[in-house]
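The values are calculated or read from the model by the stated rules, or taken from the named source; none is laboratory data. All of these numbers come straight from a predicted model, not from anything done at the bench. Neighbour counts are summed over all protein chains in view; Cβ atoms, including those assigned to glycine, are modelled from backbone coordinates with ideal geometry.
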Number of protein chains: 2
Amino acid sequence: MYQLNEILENKVINNLISGFERCPHQLNKPHESDAEIILLNDNTKLAITTDSISEEISTGLYDDPYLIGWMIVTVNISDLAAVGAKPIGILISEIIPKNFSDEKIKRLQKGISDASKKYGTYVLGGDTNEGEKLLLTGTAMGIINNEKILSRVNCKVGDTLFSSGKLGIGNAYAISKLISKTNTPINFQPEARINLSSIINKYATACMDTSDGLISTLDQLMRLNNVGFEITEKFEKLVDHEALIYSKKLNIPSWLLLAGQHGEFELVFTIPQNLKHEFLNEAEKNEFEPIELGEIIPEKEIRINLYDKSVPINSGFIRNLPFETKGDVNHYLQLLLEYDSELKKSYDLHFTSN
Amino acid sequence: MYQLNEILENKVINNLISGFERCPHQLNKPHESDAEIILLNDNTKLAITTDSISEEISTGLYDDPYLIGWMIVTVNISDLAAVGAKPIGILISEIIPKNFSDEKIKRLQKGISDASKKYGTYVLGGDTNEGEKLLLTGTAMGIINNEKILSRVNCKVGDTLFSSGKLGIGNAYAISKLISKTNTPINFQPEARINLSSIINKYATACMDTSDGLISTLDQLMRLNNVGFEITEKFEKLVDHEALIYSKKLNIPSWLLLAGQHGEFELVFTIPQNLKHEFLNEAEKNEFEPIELGEIIPEKEIRINLYDKSVPINSGFIRNLPFETKGDVNHYLQLLLEYDSELKKSYDLHFTSN
């Protein structure tokens, strides 16, 4: 029942790669890692990942060239962070429209340059083409210095679930851009957590970035590890403050900030009980304040603390919604709101503060 | 006068990268190499390159999904071949239109899979997005095992200029698809010369693939090395037989098959005099028949053997033509034909067999 292929995105990928032979030097299996991990030789493990920014531009979610430049670096470096790799650099292919002004190009490149500096990395090269719409593809690579391979698999019941930071700002931003269409959207310029990845790599049993939002992330981890997750932390502690205020203003249940698929590029990771104390000590020394989200449970479900009850969420349904609503964001939100109402009815939930 | 920035493509790239810091571990400078070369540690030199297939699809030059899949691997592996790297694998980001049929996806992926097998390499990972038009970006990486760094720079006057194979089929194909628009286009499924790259790497002083056609390739090598090139070989020996017949049928001067910018993914490389004999011996043993195109000359110009005279070609003008004709292929060909007429007048050339 909890198969990877229940999720349309996984099914599409499995279909695309079904005829491909696997590289014998590749240490990760499909879906099991945010970045591909390749054994170059006895001493060198390379992590490499590619991500395009396409739909975010064509839907209008990203329209500031600076943000687009910032994001093409961030989304790729975030994948390196999730496997504990130290970045070497990034290659960027840019499809630039004819009518794209010099001023916009400058802002785009400044976003790329600033993000690269932020993460202590470099643009190694690229490609440029003319096209109808702006579209960027980045490929980042880094070196994994640890013996251990950190990936999405290997967590166990009893491990504690953490996030590297507060969640929900990505979806609040998406609502402000695509649904409210306000002139003053929510601030959004996430930072890939590459500076935390060596600490996390030292202790974690599994790790994945929240590029698709928390619930999608946990759903994928659930399917890969055959375990479930229970979020026990209060929403005020785990949801970004600005995002929380914004969702209340719009009368959108705040847990939907975790359900939408425009994430915030935090790292979600699991720490075994016997290392938790040591991990928290080292985190504190490094002024890193991880958020304890909850724990791993044997039931293959995602439970969240909703309206003061622990409720299992149909995360497969939530993940497939964007495909099924075919890019109609208003319809998408409407179905999420209907699902929230159904949950309230089914579990006899009463609105309190969430 | 012979500056890189005279070429609009170089200028665009220099403008894009002007604010970027260079990676301290990167062994090549901008423009100087078909692939980026990164020193990972004392023992490991990585070559990495990215290339998109975008305009080739939107113009209708490539419309067979199998060819598109084949080419996204070939263009990237060809860049690795030019720096003498042994491929590890490729990552591919695919933007797929909503209405792209399952049958077309199968053909696209089969092209990718067949090309990967041909070059003994693997698809390591990728990304997939929905978009209006099909667009692929590949990033290939490989290891350079030699001490020597083979790049576009380092050739000298007196070196012999070679090609790994016959030229012109890429432009003949482009004419058949975009200008003649015939139902039976010229066959085009080039192979990256990765199997020859270790021999070439052993002897060559400079190397570049002909992805943009021979004259563009030589023009870039000229600007980078401050030398010129004289093509002395007869056209019948260096131009692909089918392409030659086709150009004659259409009454297009056959040297224009070297001027157009849809190349054939051969390697063009230079061999110093003292190694030429040994190189040719080793090539023969490996059943590799390189074509001796001509030689490096001190004058910074590209001379070709045109209508039985050695004539300098305005390669900068030829390279900038696609930008200046803004994708109007008929206008582009018309201007090339006018340039051919001017050359005939200026140098008092008489049509013989070319």
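Checking each residue in segment B:190-215 for being within 15 Å of the chain's Cα centre (by Cα) and at pLDDT below 95 picks out only B:S197.
Can you confirm whether A:L280 is surrounded by 21 or more Cβ atoms within 10 Å (Cβ to Cβ) and either closer than 26 Å to A:L196 by Cα or modelled with pLDDT of 95 or more (or both)? Outline the logic, then answer.
Details: surrounded by 21 or more Cβ atoms within 10 Å (Cβ to Cβ): no; either closer than 26 Å to A:L196 by Cα or modelled with pLDDT of 95 or more (or both): yes.
No: the conditions fail for A:L280.
Considering only residues of segment A:170-194 that are within 18 Å of A:T59 (Cβ to Cβ) and among the small types (G, A, S), which is surrounded by the fewest Cβ atoms within 10 Å (Cβ to Cβ)? Among those residues, the one meeting the criterion is A:S180.
Exactly one residue out of B:T210, B:T184, B:T205 is polar (S, T, N, Q) and within 19 Å of B:I53 (Cβ to Cβ), and it is B:T210. I'm trying to understand the selection: among the residues of segment B:102-113, which are surrounded by fewer than 17 Cβ atoms within 10 Å (Cβ to Cβ) and either within 9 Å of chain A (Cβ to nearest Cβ) or in contact with a strand residue (DSSP E or B) (Cβ under 8 Å, 6 or more places away or on another chain) (or both)? Within segment B:102-113, B:D102, B:K110 meet the criteria. Tallying residues that are among the hydrophobic types (A, V, I, L, M, F, W, C) and in a strand (DSSP E or B) within segment A:21-62 yields 8.
Scoring A:K11 on the criteria (1) at the interface with chain B (Cβ under 7 Å from one of its Cβ atoms); (2) charged (D, E, K, R); (3) within 28 Å of A:L134 (Cα to Cα) leaves a single failure, condition (1).
Determine, yes or no, whether B:I77 is among the hydrophobic types (A, V, I, L, M, F, W, C) and either in contact with a Gly (Cβ under 7 Å, 6 or more places away or on another chain) or surrounded by fewer than 21 Cβ atoms within 10 Å (Cβ to Cβ) (or both). When the stated conditions are applied, B:I77 does not pass them.
Okay, residues lined up against (1) more than 17 Å from A:L306 (Cβ to Cβ); (2) aromatic (F, W, Y); (3) in a helix (DSSP H, G or I):
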{"residue": "A:D212", "(1), (2), (3)": "yes, no, no"}
{"residue": "A:D219", "(1), (2), (3)": "no, no, yes"}
{"residue": "A:E236", "(1), (2), (3)": "no, no, yes"}
{"residue": "A:I252", "(1), (2), (3)": "no, no, no"}
{"residue": "A:L258", "(1), (2), (3)": "no, no, yes"}
{"residue": "A:H262", "(1), (2), (3)": "yes, no, no"}
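In segment B:303-315, the residues that are farther than 13 Å from B:D340 by Cβ reach residues that are outside any strand (DSSP E or B) and among the charged types (D, E, K, R) with C-beta atoms within less than 9 angstrom, at least six apart or across chains, in these pairs: B:N305/B:E233; B:N305/B:K234; B:K309/B:D348; B:P312/B:E299; B:P312/B:E301; B:S315/B:D219; B:S315/B:E301. Considering only residues in segment A:116-158 that are more than 28 Å from B:I88 (Cα to Cα), within 25 Å of the chain's Cα centre (by Cα) and not in a loop (DSSP other than H, G, I, E, B), the one that is farthest from the other protein chains (Cβ to nearest Cβ) turns out to be A:K118. If you go through segment B:1-34 and keep only what is over 24 Å from A:G111 (Cα atoms), among the hydrophobic types (A, V, I, L, M, F, W, C) and in contact with a Leu (Cβ under 8 Å, 6 or more places away or on another chain), you end up with B:L4, B:L27. Among residues of segment A:269-291 that are under 12 Å from A:C155 (Cβ atoms) and assigned to a loop (DSSP other than H, G, I, E, B), those with a beta-carbon under 8 Å from a residue that is modelled with pLDDT of 95 or more and acidic (D, E) at least six positions away or on a different chain give the pairs A:P272/A:D159. When the residues of segment A:18-29 are filtered to those that are surrounded by fewer than 16 Cβ atoms within 10 Å (Cβ to Cβ) and not charged (D, E, K, R), which remaining residue is farthest from B:G120 (Cα to Cα)? Restricting to residues being surrounded by fewer than 16 Cβ atoms within 10 Å (Cβ to Cβ) and not charged (D, E, K, R), the top hit is A:S18. If you go through segment B:75-85 and keep only what is assigned to a helix (DSSP H, G or I) and in contact with a helix residue (DSSP H, G or I) (Cβ under 8 Å, 6 or more places away or on another chain), you end up with B:I77, B:S78, B:L80, B:A81, B:A82. For segment B:306-328, the candidate set comprises residues that are modelled with pLDDT under 95 and part of a helix (DSSP H, G or I); within that set, the residue that is farthest from the other protein chains (Cβ to nearest Cβ) is B:E324. Here segment A:42-54 is the region considered, the condition is being at pLDDT 95 or above and at the interface with chain B (Cβ under 10 Å from one of its Cβ atoms), and the residue that is farthest from the chain's Cα centre (by Cα) is A:L46. Looking at segment B:202-213, can you tell me whether even one residue there is in contact with a helix residue (DSSP H, G or I) (Cβ under 7 Å, 6 or more places away or on another chain) and among the basic types (K, R)? Scanning segment B:202-213 turns up no residue that is in contact with a helix residue (DSSP H, G or I) (Cβ under 7 Å, 6 or more places away or on another chain) and among the basic types (K, R). Considering segment B:63-74, and only residues there that are within 13 Å of another protein chain (Cβ to nearest Cβ) and either in a loop (DSSP other than H, G, I, E, B) or buried (at least 24 other Cβ atoms within 10 Å of the Cβ) (or both), the residue that is farthest from the chain's Cα centre (by Cα) turns out to be B:G69.
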